[in-house]
Amino acid sequence: MSTTLDVPYRLEFSVEVPGTPEQVWHAVATAKGLSAWYLPTEMDEREGGDLHFVIEPGMGSEGHVTGWDPPRRIAFEEDWAALMGKEPDALSPLTSEFLVEAHSGGTCVVRVTSSGFGSGADWESQWWDGMGPGWTPYFENLRVYLAHFAGQEATLLEADAPHVGDADAAWAAVHGSLALGGEGATVDVRGASGIVEHVGERRALVRLTGPVSGILNLYAHGAADGTANAGVRAYLFSGDADEYVRREGPAWQAWLRDLSVPA
């Protein structure tokens, strides 16, 4: 028998992005679109369709589409009980809704709501405290994707490495080694040229312009054991992106591993 749970946790925010409602819908409501700025996604694109997000290798969330009104609204829910090590009926699903509203000047506002769980356990408040800071930076990717790569399919490059030391020290090592500068700066990141589009807390987004084009995320975050992870995630859109990933993926991994991070 399933249990109806109170759901006290709710995250709401909105972002303004360039593009028509149809372009924005493709980005937020199709597997190819979501995979180009968020997580690798498989989706049966209809109400009731199955949904799968790849969170990291060997770990993903399963769900299904609960609302489908192109190009205005998509809603879906994910079953996080297994990911949290809980019994199937112990947690309510994690639900999310995207509303696309056309604005003047060729932009749209995307209103995002996410809610779920509701068991009242201490770990939930900690999880939701990290939900916003962990999720909302992806929407900077969405803005750059729609401005420069709308409709294109991405090839993903990911690498990260643990370090003894805190997250601030790890980020200082990443930022300093690449000489990132501030927003608007033209930079060279290990042989690729780009423009810094956004700088946040222990993260930066660089729009790559050559020899491959794409969206490069650089970040550092703390781990539960007191160490820190430094990492990169790039969504690449050039014709030779597959070759770049084969060549540069291991090189990025080695670079991250060899960073000098003060303990």
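Restrict the check to region 246-263 and report whether at least one residue is assigned to a strand (DSSP E or B), open to solvent by less than 30 Å² (accessible area, probe 1.4 Å) and either of a type in the set (A, V, I, L, M, F, W, C) or assigned by the TED database to the domain that holds P133 (or both). No: zero hits. Regarding L178, is this residue of a type in the set (A, V, I, L, M) and buried (at least 20 other Cβ atoms within 10 Å of the Cβ)? No. In region 188-244, of all residues being open to solvent by less than 10 Å² (accessible area, probe 1.4 Å) and free of Cβ contacts under 8 Å to residues at least 24 places away in the same chain, the one that is farthest from A263 (Cα to Cα) corresponds to G194. Exactly one residue out of T155, T107 is modelled with pLDDT of 95 or more, over 18 Å from K32 (Cβ atoms) and of a type in the set (S, T, Y): that is T107. Within region 7-42, the set of residues being assigned to a loop (DSSP other than H, G, I, E, B), of a type in the set (S, T, Y) and within 17 Å of the chain's Cα centre (by Cα) comprises T30, Y38.
Yes or no, residue by residue, for (1) closer than 27 Å to F149 by Cα; (2) open to solvent by less than 70 Å² (accessible area, probe 1.4 Å); (3) small (G, A, S); (4) out of contact with any Leu (no Cβ under 6 Å at 6 or more places or on another chain):
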{"site": "R10", "(1), (2), (3), (4)": "no, no, no, yes"}
{"site": "A29", "(1), (2), (3), (4)": "yes, yes, yes, yes"}
{"site": "Y38", "(1), (2), (3), (4)": "yes, yes, no, yes"}
{"site": "E42", "(1), (2), (3), (4)": "yes, no, no, yes"}
{"site": "G63", "(1), (2), (3), (4)": "no, yes, yes, no"}
{"site": "G67", "(1), (2), (3), (4)": "yes, yes, yes, yes"}
{"site": "E78", "(1), (2), (3), (4)": "no, yes, no, no"}
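The values are calculated or read from the model by the stated rules, or taken from the named source; none is laboratory data. The structure displayed is predicted, hence computed values, not measured ones. Cβ sites come from the backbone with ideal geometry, for glycine too, and all protein chains shown count toward neighbours. Just the protein is used for accessible areas: all its heavy atoms, side chains included, with ligands, DNA and RNA removed. Shrake-Rupley method; radii C 1.70, N 1.55, O 1.52, S 1.80 Å.
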